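Below is one structure, written out as structure tokens, with a few remarks after it.
Nothing in this text is a laboratory measurement; each read-out follows from the coordinates by a stated rule. Keep in mind that this is a model prediction, so the values were computed, not measured. Note that we place each Cβ from the backbone using ideal geometry, even for glycine, and neighbour counts take in every protein chain shown.
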Amino acid sequence: MRSIHHSMKTETTAHFDMEILIGYILLGGVLLSTALLVIGLVWHWARTGHLRLEYPIMGMNLFEFVHHGVKQIAAGDVHPTLMVNLGIAAVMLTPYVRVLASMLYFAWVEHNRKYTLFTGFVLVALTYSLFLR
């Protein structure tokens, strides 16, 4: 009886830990995105006196969008529009990171092939959709 109770308690704790991790991923993504958007918009407003941002992003998928932003940061070209772009990228990548964390959890912690396969399929579909223009 004791080993069954201990086993159930361990599974519940591991499951609860994953839920906490997923919660932190989602919360962190939203907070990071909000902070970057607010910083970019306030900075832009302080420079120009208005909140209107006009720039084309057509022809880029999300990964190209993020890569372009990282290249600007590496070059030291930090500006309000970049902050807004990074905020948009953060909120779009948050569900992707959540699914990736779930897949890794099912593979490495739960050792559940079925759920690893399902979440892997979702991750592949998300990756494909993020590479679309």
### Message
For the stretch 66-96, which positions are hydrophobic (A, V, I, L, M, F, W, C) and either in contact with a strand residue (DSSP E or B) (Cβ under 7 Å, 6 or more places away or on another chain) or surrounded by 17 or more Cβ atoms within 10 Å (Cβ to Cβ) (or both)?
### Response
66, 82, 83, 84, 86, 88, 89, 90, 93
#### Entry: Set 99, 122: member being in contact with a helix residue (DSSP H, G or I) (Cβ under 6 Å, 6 or more places away or on another chain), touching a residue at least 24 places away in the same chain (Cβ under 8 Å), assigned to a helix (DSSP H, G or I) and among the hydrophobic types (A, V, I, L, M, F, W, C)
99
### Summary
Only one of (1) in contact (Cβ under 8 Å) with a residue 60 or more places away in the chain; (2) of a type in the set (Gly, Ala, Ser); (3) closer than 17 Å to residue 35 by Cα does not apply to residue 69, and that is (1)
#### Entry: Count of the stretch 102-112 residues which are crowded, with 17+ Cβ neighbours inside 10 Å, over 17 Å from residue 24 (Cβ atoms) and touching a residue at least 40 places away in the same chain (Cβ under 8 Å)
0
